[in-house]
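Taking it in order: structure first as structure tokens, then the write-up.
Every number in this text was worked out from the coordinates using simple rules, so none of it is lab data. Source: prediction; values computed, not measured. Using ideal geometry, Cβ is built from the backbone for each residue, glycine included, and neighbour counts are taken over all protein chains shown.
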Amino acid sequence: MAELAFFSGTMDCGKSTLALQIQHNRSARGLLGMIFTRNDRAGVGRISSRLGLIAEATETDEGFDFHAHLVRHLTAGGRVDYVIADEAQFLSPRQVDQLARVVDDLGIDVFAFGITTDFRTKLFPGSQRLIELADRVEVLQVEALCWCGARATHNARTVGGRMVVEGAQVVVGDVSGGPDSPRGEVGYEVLCRRHHRRRLTAVTAGAGQLSPEVLPTEGVPRQHS
């Protein structure tokens, strides 16, 4: 039977890499899938991994209807064996309900990938609804690391390298010029719970970054830490 599976974790834990691996494995067996994404770092209509893998995808927005889109495609004679929805934390609860209908009414497997909580440690509405509805919820086993070397469990939003705990859940990057500007540069960093609670980032701790990229937000909403 078809299922709705939700793969979750912090930033840097390999969600998009796994999504692309699933797509590769199924397409190699002759299966046809549809890939959806929103606000990927590689730009509109792309799904990308920090390992450098990129695939074409259908860009969605708040008004996108997954069920209606699939019904139109199938009615026109198209074929879909599975659906991949990356950056699923950005989905609305209504859109997650649509994905569940794709599974139940159309018999198509749906694999959703996303961050569970935002930079305030609050559940994203889309992720919450996926946890409520998914047939299977899996926390990815690739451990992202805090700057201290401990397992990273929380996403932090930073401005000029310093953690902030207020603001909109989704922030469009390129907020200002950089860390020396009045507002600083918005980015994201993964932290262990201890250092998230203490608001101690790599910059404020004087530590070097373990990852060369701390998710700068350049023109698209970054994974909300």
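Quick look at the numbers
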{"read-out": "Residue-span extension gain [Thr58 to Val165] - 0.36 nm each, minus C-alpha spacing", "value": "35.3 nm"}
{"read-out": "Two-site FRET efficiency, Thr121 against Arg72, from Cβ-Cβ distance with R₀ of 35 Å, rounded to 0.05", "value": "0.35"}
{"read-out": "Difference of contour (0.36 nm per residue) and Cα-Cα distance, Ser92 to Asp105", "value": "2.7 nm"}
{"read-out": "Simple spin-label estimate for Ala205 and Leu32 in nanometres, 7 Å along Cα-Cβ", "value": "5.0 nm"}
{"read-out": "Sequence ranges 118-127, 68-77, ranked by mean other-Cβ count within 10 angstrom, highest first", "value": "118-127, 68-77"}
